[in-house]
Amino acid sequence: MTMDHSKITELSAKHPKLNVSYTYGTAGFRTKADVLDSVIFRVGLLAVLRSKKHAGKVIGVMITASHNPAQDNGVKLVEPMGEMLAQSWEQYATELANASSDDALIAALQNVVEKEQIDLSNEAVVIVGRDTRPSGEALVAALTDGVQALGGKITDYGLTTTPQLHYLTRCLNTQGTPDAYGEPSEQGYYRKLAEAFKRIVSGKPKLSTIYVDAANGIGAPALHKLAKVLTDDLLSVQVVNDDTATPTKLNHQSGADFVKVNQKKPEGFDLKPGMRCASLDGDADRIVFWYADNAGTFKLLDGDKIATLAAEFIMGLVRKAKVPNINVGLVQTAYANGSATAYVKDTLKVPVVFTPTGVKHLHHAAEEFDVGAYFEANGHGTVLFSQQAIKAFHSTTGKTAEETEALEILKALTDLINQTVGDALSDLLMVEAILTSQGRSLADWDSAYSDLPSRLEKVKVQNRLNFEAIKADTELAKPEGLQQKINQQVAKFKHGRSFVRPSGTEDVVRVYAEADTQENADLLANIVCGLVYDQYGGVGERPAKFKKVDQQGNIIA
Ligand code: G16
């Protein structure tokens, strides 16, 4: 069987390539929505080939730009078991997106078919979901053309959170098998989470209301629906920032990214000591928790805190249940707070693995453990259980009531925690289940360790691709000389740490700094930002807070 070139050409004409260069980044293609039409069409073509490569298994496509502003959009591909697209295929995605003519596009497709030895007579099935961005609907139409141009079938699941689309993909591919993951529907997703949550918290005193900032995104309707299934006696949730009808409000002064980066509460909250709060991002795959202490000071519980809470709780259960041979590990990135890493290694005595930014990297590293907790500091993560661990939880018989209870909670956690990808709703329930089990407040959870003060900044540069990060993002190989200059500055600060890396989702380079005091962390960040801006191609208005440094590394302004 061969590809129908005329059909590809005919449909491709509806989605002309613009004079833009595209890269498959940290989380797929992500840029301004108005330059994405041809890219999404071509992703449709690639999704068909990926499905055929997997002998007709369902491939997921999520149209979202997650934490980015409303005018952006993007696309992520989902593998049959719900993971992110295999990294070996990212290059094909970039080649297809940049093919400059129909002939070049067909040649790029042919290249994938040959290199991957794809049997074109196989079926191809694709499902698609999208977040609440206004550009989403037209992009789904472009994707549909791409899928149909190569004879694939497509089902549109409409508005979904990113993790729901991952869940649906896995459910569809496993239904009727011993590995069946759940009912392949949105309601099935809510029921699975609610049922597992109930198994953990039943009979335990309910915590006070949790106020969830939904970033005016898809997480808002999803959380409303989940709350209905959960019922009030299990969890009291109040959804704040749930205006999905006003596109400009998406992620604006709200959401997990805003709260983490600015280390302050989002709009829409009259924060009082004692209130328990959390923030989702625009596609509900990240969550951070926050509260005000007795003095009214804003306090953040980020992905690092979630990971340590989960790892400690699960380790305790494994010990109580006396399940043998279960190794627990934690995966972090360079953004993990130094105190978090020290706590995991020194207090929890759990091994830590570092990967570059992007859950696609962390997920695979976590699969190496029986219980692998991976979280980025920004709140993106989950806990993976190996097949062996799940089997062990089911085959072990508790000899005491305590052992039996621990086993029941472990089993429920394997259902509650999304095994495909970081999921804000699943993570919300996981944290609430743990805190309910422990009868613990946010402040008490927070007291496990104190974060080193940190600061995350962005610098706009001419070409962020001139920056090449190495060693799990902790150092720069390019541009030449910059790393030495950063090292020289870091050495001046107690507990100083700083790194620079190009973002894979925004047209900026990110600058992270940590030091003994907030003042010093801010100063170090502003020195490094100044270095990048002044000496390595900064563009746009120069923020006044960036420091000027002379060739000897002395601050001059
Ligand atoms: C995506 C990725 C995350 C990553 C974040 C920021 O999140 O899934 O793993 O941490 O982008 O990446 P970068 O620093 O490269 O811009 P999301 O929630 O935006 O999809």
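A simple packing score, the average count of other Cβ atoms within 10 Å per residue, orders the peptides 358-371, 224-237, 181-194 as 358-371, 181-194, 224-237, with the highest score first.
By the scheme Lys and Arg +1, Asp and Glu -1, what is the net charge of all other residues having a beta-carbon under 10 Å from that of His166? Combined, the nearby Lys, Arg, Asp and Glu give -2. The length gained by stretching the chain between Thr248 and Asn122 to full extension, at 0.36 nm per residue less their Cα-Cα distance, is 41.1 nm.
State to the nearest 20 debye the size of the charge dipole of the chain about its Cα centre, where the only charges are +1 on K and R beta carbons and -1 on D and E beta carbons. Walk me through the numbers before you get to the answer.
Details: 59 positive and 68 negative charges, 145 e Å.
Dipole of the chain, to the nearest 20 debye: 700 debye.
Based only on Cα atoms, what Rg/Rh ratio does the range 161-240 have, Rh being taken as Kirkwood's radius?
Values: Rg = 14.0 Å, Rh = 13.7 Å.
Result: Rg/Rh = 1.02.
When DSSP beta bridges are restricted to pairs lying wholly in the chain, around 60% turn out antiparallel. Plainly put, the range 5-159 has a radius of gyration that is 0.92 times its Kirkwood radius, both from alpha-carbon atoms, as the Rg/Rh ratio.
In the chain, the calculated helix contribution to ellipticity at 222 nm averages -12000 deg cm²/dmol per residue, counting -39,500 (n - 2.57) for every DSSP H run with n ≥ 4.
Would you mind classifying the range 187-301 by shape? Square roots of the alpha carbon gyration tensor eigenvalues, ordered a ≥ b ≥ c; an a/c under 1.5 is rounded, otherwise it is prolate if a/b is larger than b/c and oblate if not. In terms of gyration-tensor shape, oblate.
With the convex hull constructed from alpha-carbon coordinates only, the range 336-463 shows a mean projected area of 10.1 nm² over all directions. According to the square roots a ≥ b ≥ c of the eigenvalues of the Cα gyration tensor, what is the shape class of the range 454-535, taking rounded for a/c under 1.5, prolate for a/b larger than b/c otherwise, and oblate for the remainder? Because a/c hits 1.5 or more and a/b exceeds b/c, the range 454-535 counts as prolate.
Along its principal axes, the chain has C-alpha extents of 67, 66, 45 angstrom, given from the largest down.
How large is the translational diffusion coefficient of the range 72-153 in µm² per second when you combine the Kirkwood radius over alpha carbon pairs with Stokes-Einstein at 20 °C and 1.002 mPa s?
Values: Rh = 14.3 Å.
Diffusion coefficient, whole number: 150 µm²/s.
Within the shell of other residues whose beta carbon sits under 10 angstrom from the beta carbon of Asn520, the net charge comes to -1, with Lys and Arg scored +1 and Asp and Glu -1.
Using the alpha-carbon positions of the range 244-335, Rg (one decimal) and Dmax (whole number) come out as 16.8, 53 Å. Sorted ascending by nearby beta carbons within 10 Å, beginning with the fewest, Leu416, Leu330 become Leu416, Leu330. Determine the sum of side-chain charges near Glu83: Lys and Arg each +1, Asp and Glu each -1, restricted to other residues whose C-beta is under 10 angstrom from that of Glu83. Charge balance in the 10 Å sphere: 0. What is the extension gain from Asp232 to Lys478, computed as 0.36 nm multiplied by their sequence separation minus the C-alpha to C-alpha distance, in nm to one decimal? Between Asp232 and Lys478, full extension yields 83.2 nm more.
Going down the list Lys76/Lys460; Lys53/Lys320; Lys272/Lys460; Lys360/Lys547; Lys57/Lys260; Lys249/Lys494, which pairs span over 32 Å between their C-alpha atoms?
Working: Lys76/Lys460 24 Å; Lys53/Lys320 44 Å; Lys272/Lys460 36 Å; Lys360/Lys547 35 Å; Lys57/Lys260 37 Å; Lys249/Lys494 40 Å.
Result: Lys53/Lys320; Lys272/Lys460; Lys360/Lys547; Lys57/Lys260; Lys249/Lys494 exceed 32 Å.
Specify the inter-centroid distance of the range 211-275 and the range 133-203, based on alpha-carbon positions, in whole Å. Using only Cα atoms, the two centres lie 22 Å from each other. Remark: the Cα gyration tensor places the range 291-409 in the oblate category, a/c being 1.5 or greater and a/b not exceeding b/c. The alpha-carbon of Lys545 sits under 19 angstrom from the alpha-carbons of these aspartates and glutamates, leaving out residues fewer than 8 places away in its chain: Glu457, Glu514, Glu519, Asp522, Asp534.
Here, each number is a calculation from the coordinates, and none is a lab measurement. Everything quoted here is computed from the prediction, not taken from an experiment. Every residue, glycine among them, receives a Cβ derived from its backbone with ideal geometry; neighbour counts consider all protein chains shown.
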